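A.B. asks: Next up is a structure, given as structure tokens.
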Amino acid sequence: MILIVAHTPSPNLTRLADALHAGAVEGADDPAQISRKAPLETSADDVRAARGLALLTPENLGYMAGAMKDFFDRVYYPVLEEKQGLPFVVMIRAGHDGTGTSRAITTITTGLRWKLVQPIAVAKGAWDDAFVDDAHVLGQTLAAGIDAGVY
Ligand SMILES: Cc1cc2nc3c(=O)[nH]c(=O)nc-3n(C[C@H](O)[C@H](O)[C@H](O)COP(=O)(O)O)c2cc1C
């Protein structure tokens, strides 16, 4: 399973999640291997079952959304030993910054020893439809890379 964990409180974030999902379906050998959940609904067992993760969150108040932080809080220790090396990608939707969220996710996933396989994508500033293409490529790259054994 390749799991997209997406917090989508706005229409634009939903578009980004849809594009990540569509890209991953396109990149995967078996589209049935792609699944998507909200962070509040994602359990440690979901992460255990994942061969790769795509994370999507807005930046709010200089940090990832509380829902995404809750996800990390719940899964951190349960998956710490078992999921080292888990390939993952990140997209942050940031109205004007994104650095606090990038730093926090980097710190947490360094602790988890997960493997960031593409640079963190920050969809920053006023909305741009190009963000949707970036999300699509990111999802596709993750799934294709995993299925090709590159990641
Ligand atoms: C309470 C609140 C705090 C926010 N704080 C930040 C912030 O610290 N940095 C930032 O880049 N954007 C911030 N934003 C903007 C959000 O990132 C942006 O509204 C969100 O990603 C949704 O974007 P969208 O309107 O294109 O869907 C904040 C938005 C809200 C509502």
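The values are calculated or read from the model by the stated rules, or taken from the named source; none is laboratory data. This one's a predicted model, so the numbers in the text were calculated from it and none came from an experiment. A quick note on method: Cβ atoms are made from the backbone with ideal geometry, for glycine too, and the neighbour counts reach across all protein chains shown. Remember, those area values only see protein heavy atoms, side chains included, never the ligands or the DNA or RNA. Shrake-Rupley method; radii C 1.70, N 1.55, O 1.52, S 1.80 Å.
A.B. asks: Would you point out the residue of the stretch 19-58, among those that are outside any strand (DSSP E or B), within 21 Å of I108 (Cβ to Cβ) and polar (S, T, N, Q), that is most open to solvent (accessible area, probe 1.4 Å)?
C.D. replies: S43
A.B. asks: I need every pair where a residue in the stretch 92-105 that is more than 19 Å from A17 (Cβ to Cβ) has its Cβ under 6 Å from the Cβ of a residue that is more than 6 Å from the ligand (Cβ to nearest atom) and open to solvent by less than 20 Å² (accessible area, probe 1.4 Å), sequence separation at least 6 or different chains.
C.D. replies: Listed by first residue and then by second, the contacts come to A104/M64.
A.B. asks: Sticking with this structure for a sec: Looking at G125, is it within 13 Å of the ligand (Cβ to nearest atom), without any contact (Cβ under 8 Å) to a residue 40 or more places away in the chain and open to solvent by 40 Å² or more (accessible area, probe 1.4 Å)?
C.D. replies: no
A.B. asks: Also, quick follow-up: Check whether at least one residue in the stretch 59-73 is open to solvent by 70 Å² or more (accessible area, probe 1.4 Å), more than 19 Å from P11 (Cα to Cα), in a loop (DSSP other than H, G, I, E, B) and within 16 Å of the ligand (Cβ to nearest atom), and report yes or no.
C.D. replies: The answer is yes; a qualifying residue exists.
A.B. asks: Looking only at residues that are part of a strand (DSSP E or B) and buried (at least 21 other Cβ atoms within 10 Å of the Cβ) in the stretch 88-101, which one is nearest to the ligand (Cβ to nearest atom)?
C.D. replies: R93
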